[in-house]
Amino acid sequence: MVQSDLLHDYRVHREPYYHPQGDEIELFLAAYNRRLPVMVKGPTGCGKSRFVEYMAWKLGKPLLTVACNEDMTAADLVGRWLLDADGTRWQDGMLTLAARHGGICYLDEIVEARQDSAVVIHPLTDHRRQLPLDKKGELVHAHPDFQLVISYNPGYQSVMKDLKQSTKQRFTAFRFDYPSADVEAEILVRETGIDPDLAPRLIELAQSARRLKGHGLDEGISTRLLVYAASLMADGVTAARACRMALVDPLTDDDDIRATLEHAIDALFP
């Protein structure tokens, strides 16, 4: 079986819609040309994962995504021995698959993973480009097409949940934020088909909520949530109901914050 077939299911076959915020596309291409590992930082729902998906499509490379969580172990990334009818067999983890066969491995929200999971990526992020499989007694030399990308939300950093400097300094990095108002409006219209006159009002509501971050809200209204609200409105749901369902109820249970956001909804969508 040829390499392209092995990772066929992980290829991005359709162009994802992505609107650049600056020169991040050109810079990512430059990093990939040198196979430099990339770290993407930014708030929840600002387009980090969409950007990585778009770059995998643009490069024509498979994208193997791992949604990191506190229960994820190093074995989930590199692989493990499994029992079957014939005895035992080795099953590669997503990181090993990408390194062995040539793909982009994307570790989403890396800070949510256990520390031992983060450490196993170190040999792949320097000149060695190797992945030791200690349980199998194998040393995987990364395929020439392999690249490692990680993301996280600095807003959720804490003493217990942050990347060590020894990990951070192995990556080049992009800092993302929510798009400018005109770009965000274009995204909403393109993604949902919403009336172009309504998009700026949704964004004004989002900006009001984002100003409350740190003053009652852990996070502001994300571009992702705006797309949800615009999708509901495009399908005929009233603006007030769509905004409460997609923008207020997922964000907070605090009565005072809810009242503030609902007042803004009433003012923007009378």
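Suppose the filter is without any contact (Cβ under 8 Å) to a residue 60 or more places away in the chain and of a type in the set (Asp, Glu); does Asp197 pass it? Judged against the criteria, Asp197 is a match.
Scan region 74-95 for residues that are under 30 Å from Asn33 (Cα atoms) and not aliphatic (A, V, I, L, M) and the total you get is 5. Contact map, region 213-237: residues that are free of Cβ contacts under 8 Å to residues at least 24 places away in the same chain paired with residues that are charged (D, E, K, R), Cβ distance under 8 Å, separation 6+ or inter-chain. Pairs shown: Leu232/Arg241.
Residue-by-condition table, conditions (1) outside the structural domain of Lys135 (by TED's automatic domain parsing); (2) in a loop (DSSP other than H, G, I, E, B); (3) farther than 29 Å from Ser180 by Cα:
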| site | (1), (2), (3) |
| --- | --- |
| Val12 | no, yes, no |
| Gly22 | no, yes, no |
| Leu27 | no, no, no |
| Val52 | no, no, no |
| Lys58 | no, no, no |
| Trp81 | no, no, yes |
| Ala98 | no, no, yes |
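Restricting attention to region 180-194, and to residues there that are closer than 16 Å to Ala234 by Cα and among the small types (Gly, Ala, Ser), which single residue is nearest to the chain's Cα centre (by Cα)? Applying the filter and picking the extreme gives Ala185. Screening Pro250 on (1) in a loop (DSSP other than H, G, I, E, B); (2) touching a helix residue (DSSP H, G or I) at 6+ places or on another chain (Cβ under 6 Å); (3) over 21 Å from Gln21 (Cα atoms) shows it passes everything except condition (2).
Could you grab me the full set of residues in region 70-125 that are β-branched (Val, Ile, Thr) and touching a helix residue (DSSP H, G or I) at 6+ places or on another chain (Cβ under 9 Å)?
Passing the criteria: Thr73, Val78, Thr96, Ile104, Ile110, Val111, Val119, Val120, Ile121, Thr125.
Let's see how each residue does on (1) without any contact (Cβ under 8 Å) to a residue 12 or more places away in the chain; (2) small (Gly, Ala, Ser):
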residue	(1), (2)
Arg100	no, no
Gly103	no, yes
Ala113	no, yes
Val119	no, no
His122	no, no
Asp134	yes, no
Glu138	yes, no
Phe146	no, no
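Residue by residue, here is whether (1) touching a strand residue (DSSP E or B) at 6+ places or on another chain (Cβ under 8 Å); (2) crowded, with 17+ Cβ neighbours inside 10 Å; (3) not assigned by TED's automatic domain parsing to the domain that holds Leu7 holds:
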| position | (1), (2), (3) |
| --- | --- |
| Arg128 | no, no, no |
| Ser151 | yes, yes, no |
| Ser166 | no, no, no |
| Leu188 | no, yes, yes |
| Gly193 | no, no, yes |
| Gln207 | no, no, yes |
| Glu219 | yes, yes, yes |
| Leu226 | no, yes, yes |
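The values are calculated or read from the model by the stated rules, or taken from the named source; none is laboratory data. On a predicted model such as this, the values are computed, not experimentally measured, just so you know. Counting neighbours? That spans all protein chains shown, and the Cβs are built from the backbone with ideal geometry, glycine included.
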